[in-house]
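To keep things clear, I will list the structure first and then write my remarks on it.
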Amino acid sequence: MEQNSRKRSPSGSLRAPRFPIRMSLHYRTPEEGEWLEGETENISRSGVLFHTSSPLDVSTPIEMTFALPVEVGGQSGAVVLCRGQVVGIVLRPSSDAPPCVAAKFLEYRIVRSPEELPH
């Protein structure tokens, strides 16, 4: 019998496969108007793990934007705009390593022009 190589979440459900893609990501909370910068560690169809210098509390709603790789989007310049929620914080053993925020995607859309991005 073949075993499924996908890991299970703490709730027991199968997690979406994660892809180790490193790219710039911008995020903000609804209370803050300023976009902050982070870097993705991995991404899946259901969420993203990213490094940040400003950790967020679990359950915090966030907006995120990141460039869609040409291999995925089919053309350069496409940006993903997401609404999500923080589901976990990963603190690194080294005190100088930035924490990681795990966020699930609640909704997203692909925008093709800067005018479509929120300010």
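Would you order PHE66, PHE50, PHE105 from fewest to most other beta-carbon atoms within 10 Å of each residue's own beta-carbon?
PHE105, PHE66, PHE50
Could you go through segment 80-94 in sequence order and give the Karplus-derived ³J(HN,Hα) for each residue, using 6.51 cos²θ - 1.76 cosθ + 1.60 with θ = phi - 60°, rounded to whole Hz, and x for Gly and Pro?
In residue order, the calculated couplings are 8, 10, 10, 10, x, 8, 5, 10, x, 10, 10, 8, 8, x, 7 Hz.
Residue by residue through segment 33-48, which ³J(HN,Hα) values in whole Hz follow from phi under the Karplus form 6.51 cos²θ - 1.76 cosθ + 1.60 (θ = phi - 60°), with glycine and proline marked x?
Ordered by residue, 3J(HN,Hα) equals x, 7, 7, 10, 9, x, 9, 5, 9, 8, 8, 9, 5, 9, x, 8 Hz.
Once amide H atoms are placed 1.01 Å from N in the peptide plane, what residues at a sequence separation of 5 or more from TRP35, or on another chain, have their amide H within under 5 Å of its amide H?
none
Based on the mean of other Cβ atoms within 10 Å per residue, sort peptides 54-62, 82-90 so the most packed one is first.
Ranking the peptides 54-62, 82-90 by packing returns 82-90, 54-62.
Give me, ordered by chain and number, the residues 5 or more places off GLY47 or on other chains with an amide H under 5 Å from its own placed amide H.
Hits under the 5 Å cutoff: PHE105.
Once you have all Cα-Cα distances for segment 24-113, histogram them in 5 Å bins from zero and send the whole-percent values.
Spelled out per bin, shortest first, that is 3, 15, 25, 26, 16, 9, 4, 1.
We did not get these values from a lab; they are worked out from the coordinates using the rules stated. Given the structure is predicted, the values throughout are model-derived calculations rather than measurements. For neighbour counting, all protein chains shown are included, and Cβ atoms are generated from backbone atoms with ideal geometry for every residue, glycine included.
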